[in-house]
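Structure first, then comments.
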């Protein structure tokens, strides 16, 4: 299982992008994407889920993690079916 890594280069936790990318290389990711604009991490996470990646690593700050979580949690046909039954209270 190889990870999909999303890196936010302007996050407060990243002082040196080249150093951070070098630190992440040993993870042998299938994809390592560097964001360039707001909400891109969310879109990349959504794409990673659709592509079937087993896990996603968010390298950045709180905002990056928030975007990745929102991208992973975006409703899909499967969650919409689940939310249509008695489990609705868990889908809000």
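List of remarks:
- Residue pairs whose Cβ atoms lie under 6 Å apart, separated by 6 or more positions or on different chains, with the first residue in segment 50-63 and closer than 21 Å to residue 11 by Cα and the second at pLDDT below 90 and not in a strand (DSSP E or B), are 60/11; 61/11; 61/12; 61/13.
- Just one residue in the set 82, 65, 44 is within 16 Å of the chain's Cα centre (by Cα), at pLDDT below 95, outside any loop (DSSP other than H, G, I, E, B) and surrounded by 11 or more Cβ atoms within 10 Å (Cβ to Cβ); that residue is 65.
- Residue that is farthest from residue 65 (Cα to Cα), among those in segment 6-41 that are assigned to a strand (DSSP E or B) and in contact with a helix residue (DSSP H, G or I) (Cβ under 6 Å, 6 or more places away or on another chain): 33
The values are calculated or read from the model by the stated rules, or taken from the named source; none is laboratory data. Values in this document were obtained by computation on a predicted structure and should not be read as measured data. Because the Cβ atoms are built from the backbone with ideal geometry, glycine has one as well, and the counts that use them run over all protein chains shown.
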